[in-house]
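Contents: one structure, followed by commentary.
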Amino acid sequence: MTTDDLEPYEARVAAATSRLDDFYTQLVSELDKQNGGFRWWSGFSDWKTLTLLGDYLIQSVQGTKESLSSASLTADIHRQTLGNDEAELKAALRPIMEAGITDPTKIAEAIPQDAAARRRALTITESAESCIFHLWQTLDRVAAAAIIVGGFRVKDVATVYWSSLDGIATELSTGSIKEMLEPVGTPGRAVQEALVAPVLGWQQFGPDEWLLWLRDARHGLTHRSPSKKLNVTAGERLTRLFYRQPRWSEIQALVFGSKPPRRPIFDTFILKASYDVLDGLCESTAKLVAALVDAMVTCWVARRADPPMIVQHGRQWPTIEPGEPLSAFPGYGQDLTLDSRHMVVNTQEGDRWEAARIDDQRRRDWYE
């Protein structure tokens, strides 16, 4: 696929996704199909731990691309659906405006409320929320990849978040001597510090507090009651407004976000079109991810050239066999009768699965 083949939502985040693709390809090419993990990881831990850890790194890189692409796609859906809603609203109000009717009640009655209008309204909301969810998911996933690449001695990389990587970056920047970090003054420490530089420098990739707002918006959507959705017209455009402080309740935002007499009530909101805000968040996140992937590749190459510099500790993946039983959930609907018991995957996925020993002949190795 060339840049000319990309759709707008793909092109918006291509600076990051192309780097993620390249790193993914590089990682798969370095897999050790006999001993687990990557060839230069040999001897750091047992083959099962290295296999699980190495594959989780690859999945995290691949998953980061998927999340970022999904965020950009839903931002496009948000913009398109608002445009469709605007067109329908204008068509419905045109007879009212041409008749010179100014009665607010009659204007409100003319606003479409049919099934299609309700679907558009819900799509506008869900696409915005989905974009924000996927952007923060992007950061959580790339954080796991960076922590593995950096060889940080965390207890279980499957439970880390962006906040985990942010905490590590802060510890490094303050000269911490915690066990999870390489000792101060060593080559390994310098490599780790360079790796997290984009995490500490996130502000350069967008306007003031963009990442903090994204974090609060995601947390607010996940853990707080929803606030009133406000659609507004600005010139010829119909758009939705985001709250300036997304963690506050609706009443808190309306009361304390616009204290009279100096601040009008609309100061509660970011007076930018919602679709422009979402596009911008996608672009800023893509720039941050691109910089972090570049740093990961640099770290990876340095570690591969000198494996003892930073040990890939098995504690990053402490459990081989899951502790809980296989779920008994049967699903819904009729049982499926598969046409074939064979799976067809691309070459890279085939290499990854071969290294993981999941085929019928080699899977028994996992049970020994």
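The values are calculated or read from the model by the stated rules, or taken from the named source; none is laboratory data. Just so it is clear, the structure is predicted and the values come from calculations on it, not from any experiment. Here Cβ is always computed from backbone atoms with ideal geometry, including for glycine, and neighbour counts include all displayed protein chains.
Points to keep in mind about this one:
- Qualifying residue in region 236-251 (condition: modelled with pLDDT under 95 and assigned to a helix (DSSP H, G or I)): yes
- In region 63-83, residue farthest from the chain's Cα centre (by Cα) [restricted to those that are among the β-branched types (Val, Ile, Thr) and crowded, with 21+ Cβ neighbours inside 10 Å]: Thr81
- Among the residues listed as Ala190, Ala291, the single one being in contact with a helix residue (DSSP H, G or I) (Cβ under 7 Å, 6 or more places away or on another chain) and either modelled with pLDDT of 90 or more or over 24 Å from Val142 (Cα atoms) (or both): Ala291
- Qualifying positions in region 120-178 - among the polar types (S, T, N, Q), in contact with a Ser or Thr (Cβ under 8 Å, 6 or more places away or on another chain) and in contact (Cβ under 8 Å) with a residue 60 or more places away in the chain: Ser130, Gln137, Thr138
- For Gly257, the conditions (1) at pLDDT below 90; (2) surrounded by 17 or more Cβ atoms within 10 Å (Cβ to Cβ); (3) touching a Leu at 6+ places or on another chain (Cβ under 8 Å); (4) not acidic (Asp, Glu) are fulfilled apart from (3).
- Taking the criterion of being buried (at least 20 other Cβ atoms within 10 Å of the Cβ) and part of a helix (DSSP H, G or I), the residues of region 29-50 that qualify are Trp41, Thr49, Leu50.
- Residue within region 116-126 that is touching a strand residue (DSSP E or B) at 6+ places or on another chain (Cβ under 9 Å), in a helix (DSSP H, G or I), surrounded by 19 or more Cβ atoms within 10 Å (Cβ to Cβ) and of a type in the set (Gly, Ala, Ser) present: no
- Failed item, numbered, when Trp213 is tested on (1) farther than 20 Å from Leu241 by Cβ; (2) in contact with a Pro (Cβ under 8 Å, 6 or more places away or on another chain): (1)
- Residue count for region 232-243 satisfying the condition of being crowded, with 16+ Cβ neighbours inside 10 Å, of a type in the set (D, E, K, R) and without any contact (Cβ under 8 Å) to a residue 60 or more places away in the chain: 0.
Residue-by-condition table, conditions (1) in contact with a Leu (Cβ under 6 Å, 6 or more places away or on another chain); (2) within 30 Å of Asp294 (Cα to Cα):
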site	(1), (2)
Ala99	no, no
Ala108	no, no
Pro112	no, no
Arg120	no, no
Ser130	no, yes
Phe133	no, yes
Ala146	yes, yes
Gly151	no, yes
Val157	no, yes
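- Residue check for Ser60: crowded, with 18+ Cβ neighbours inside 10 Å, under 23 Å from Ala286 (Cβ atoms) and at pLDDT 90 or above: yes
- Unique residue being in contact with a Gly (Cβ under 8 Å, 6 or more places away or on another chain) and surrounded by 12 or more Cβ atoms within 10 Å (Cβ to Cβ) when the list is Trp162, Trp202, Trp213, Trp248: Trp248
- Residues (farther than 20 Å from Ser60 by Cβ, among the polar types (S, T, N, Q) and surrounded by fewer than 14 Cβ atoms within 10 Å (Cβ to Cβ)) located in region 281-337: Ser327, Gln334, Thr337
- Complete set of residues in region 204-227 that are in contact with a Lys or Arg (Cβ under 7 Å, 6 or more places away or on another chain) and closer than 16 Å to Trp162 by Cα: Asp216, His219
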